[in-house]
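Notes for the one structure printed next.
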Amino acid sequence: MKIQSQPSALGLNLIWIVFALGIAFYAFMAMEAGKHTLPSSYDESYVAIYDNVEAKGNAGVPYADIAEEAQQAYPYWNNFMAGITGTYFGFGSNGTTDPTRYYASMTDPQKSVLSLHMFLGGACIILGIFQFWPGFRKSYRKAHRAIGGTYILATYTMIFASIYHLLHTGVENTFQGFTFYIQLWFLVVSTLVTQTLAIYFIKKRNFALHFGFQLYTFVAFINAPIQRLDWIIFGSIYPHLTHGEVNNLVNILTFWQSLLVGYLIFAWNRAASPVRSKPIAIKPPSRPLATAVTVLTAMGVITAVAQYLIFPGLGSWSVASSIVPASTLAADLALFDGKTLQNIIFTAALCTAMISGVWLMIRDEKSARARKAFYNSSILAGVFQIYWGLQLGEPSMAVTSGGGFYLVSGISMIAFPLIALLFQHRGREHLWHEVMVFAANFAFAPVMLLWMHALWYALDVIPPQYLDVGHGYILAAGGAILGPTFTGFFLLFNSRETRSRQIS
């Protein structure tokens, strides 16, 4: 492949190669798991091995002592993870032995379809490495188109294999139950929609939107290796926790991480495109959009005052207390109970961040006062949330995702304003505006936590047994993180910086 000679381009290509090797390693593990799942690979003796390995994992037996039988019955990636994190996390109860045991019990057609899904998932990741590499995409146009056709065909086939699997598996046989089942359906539906949009926009010769929606499908695929990496990292940090407990946190993290990786890939490819000769026209937001955002901001401010000052704690709200375990509500209340000054400062900072952020987005983005107010208030609100996240601590079945929500929300409310400030100092106003979309949206994440609880309460679809272990909170927290991230990611495709480039 042709690699540009500039040091910055060389460095980015080296980073991509390292990243590509990592996800390709997972892709081959996925394919090996697909081979392991084939009906021809099944042996009835595996059932006894699953039970034996799980029991030894619960007892914390060293991996070396059970490696031989584990390697016989489990896919390679299960063994790889257990060898790093330990057998309690890797093979113990409330972990991946349950789905492995279920896969072995499936009918032959179900096994074959799941195996196809795994093979195609790995193949799409490997094909995507080339499709989203700027040097390859620009230097080898014919190969890019040929690989693209194969990628699209594999994507649709994988989607329908996923639908078949989910319909036959149901909630009760899906790993970790309802939360993971909903996430898988979300991935399937969103990938189907974005892949179709990618084809539509290439026919319309809108290359930026084609590339953006096509990239989303790749983001959906790399969600799997990023999830596995999170399992290994947090399994190593919390070896005394079950895989299921750690997954409570990973459910909140993974798509946030995947979309941000997708953003960096989009920005890298975009930067390789020439700048248009004529400056783009910057139009103010339409009146209906400005009105809708203003109303949403007013709702956000009212919610923040009620949620964090007047009636602090999720337990004060029936929409949350009805779908969240008492232990989680108690841990949440401890963050705010008897801390009036803290609550006042946080609420003031959060409201200021929402108001100033929206003001910059729809009213006057040049306002130095509004920019300063946003940077300071958002960072202050972020610091509070990181502190709360550390107080809530590690994930558990009692406190579901632990401090995961507040840590991710807090980090985002600090990082995006700082990146925007950096672009401001460099005079990159298009990039400033693009990052500010993320930053301003994340100012709403703390109030979206309550809104998302209200949504799942209204939907009333979570089975009682999953409410008891905190799936309502996990879905609400995940939605509160996903909403701002998704908004920023999809608006990226038509941002000022994107429109200023001649993407082809």
Practice item. Report, to two decimal places, the Cα Rg of segment 127-204 normalised by 2.2 N^0.38 Å (N = number of residues). Key: 1.36
Review point. Quick one: with all protein chains in place, what share of the accessible area of segment 299-365 is carbon or sulfur, to the nearest percent (1.4 Å probe)?
Key: 70 percent
Review point. Tell me, what is the 1.4 Å probe accessible area of Glu172, in Å² to the nearest 10?
Key: 130 Å²
Check your understanding: What ranking, highest mean first, results for peptides 468-476, 312-320 when packing means the other Cβ atoms within 10 Å averaged over each residue?
Key -> 468-476, 312-320
Revision key, fill the gap. Farthest towards the positive end of the dipole of the chain, among Gln227, Ala458, Phe416 and with Cβ unit charges of +1 on Lys and Arg and -1 on Asp and Glu, lies the Cα of Phe416
Practice item. Putting +1 on Lys and Arg Cβ atoms and -1 on Asp and Glu Cβ atoms, find which of Phe255, Ala368, Tyr406 reaches farthest to the positive end of the dipole of the chain. Key: Ala368
Point to revise | Under Karplus coefficients 6.51, -1.76 and 1.60, residue-wise ³J(HN,Hα) of segment 130-136 in Hz, glycine/proline x | key: 7, 5, 10, 9, x, x, 6
Exercise for review: Please list, or write none, the lysines whose alpha carbon is within less than 26 Å of the alpha carbon of Lys366, excluding same-chain residues fewer than 8 places away.
Suggested key: Lys278, Lys283
Check your understanding: So what are the ³J(HN,Hα) numbers for segment 87-104, from phi and the Karplus equation (6.51, -1.76, 1.60; θ = phi - 60°), rounded to whole Hz, Gly and Pro as x?
Key -> 6, 5, 6, x, 10, x, 4, 6, x, 7, 5, 4, x, 5, 5, 5, 4, 5
Practice item. Using only the Cα atoms of segment 234-389, build the gyration tensor, take square roots of its eigenvalues as a ≥ b ≥ c, and label the shape rounded, prolate or oblate: rounded if a/c is under 1.5, else prolate if a/b is larger than b/c, else oblate. Key: oblate
Revision key, fill the gap. Amide H neighbours of Val399 at under 5 Å, excluding residues fewer than 5 places away on the same chain, with H built from the backbone geometry, are none
Exercise for review: Give me the accessible area of Met452, 1.4 Å probe, in Å² rounded to the nearest 10.
Suggested key: 40 Å²
Exercise for review: May I ask you to order 42-51, 394-403, 75-84 by the average number of other C-beta atoms within 10 Å around their residues, highest value first?
Suggested key: 394-403, 75-84, 42-51
Practice item. Summarise the long-distance tail of P(r) for segment 205-278 by giving the % of C-alpha pairs beyond 19 Å. Key: 48 percent
Review point. Can you work out ³J(HN,Hα) from phi for every residue in segment 296-303, in order, using Karplus 6.51 cos²θ - 1.76 cosθ + 1.60 and θ = phi - 60°, giving whole Hz and x for Gly and Pro?
Key: 4, 5, 4, 5, x, 5, 4, 4
Point to revise | Centroid-to-centroid separation of segment 288-347 and segment 445-471 [C-alpha atoms, Å] | key: 15 Å
Revision key, fill the gap. For Cα extents along the principal axes in Å, with candidates (1) 134, 59, 35; (2) 60, 49, 46; (3) 70, 63, 39, the value calculated from the shown model is option (3)
Study note, to complete from the structure: Once Arg499, Arg270 are ranked on solvent-accessible area with the largest value leading and a 1.4 Å probe, the list reads Arg499, Arg270
**Study point:** Ranked by how many other beta carbons lie within 10 Å on average, peptides 178-185, 346-353 from highest
**Key:** 346-353, 178-185
Point to revise | Cut-off under 5 Å, modelled amide H: who pairs with Arg501 long-range | key: Arg276
Point to revise | Lys, Arg +1 and Asp, Glu -1 on Cβ, resulting dipole of the chain about Cα centre, debye, nearest 20 | key: 3440 debye
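The values are calculated or read from the model by the stated rules, or taken from the named source; none is laboratory data. Predicted, not measured: the structure shown is a model, and the values here were computed from it. Cβ coordinates were reconstructed from backbone atoms using ideal geometry, including for glycine residues, and neighbour counts include every protein chain displayed. All accessible areas refer to the heavy atoms of the entire protein, side chains included, with ligands and DNA or RNA removed. Shrake-Rupley method; radii C 1.70, N 1.55, O 1.52, S 1.80 Å.
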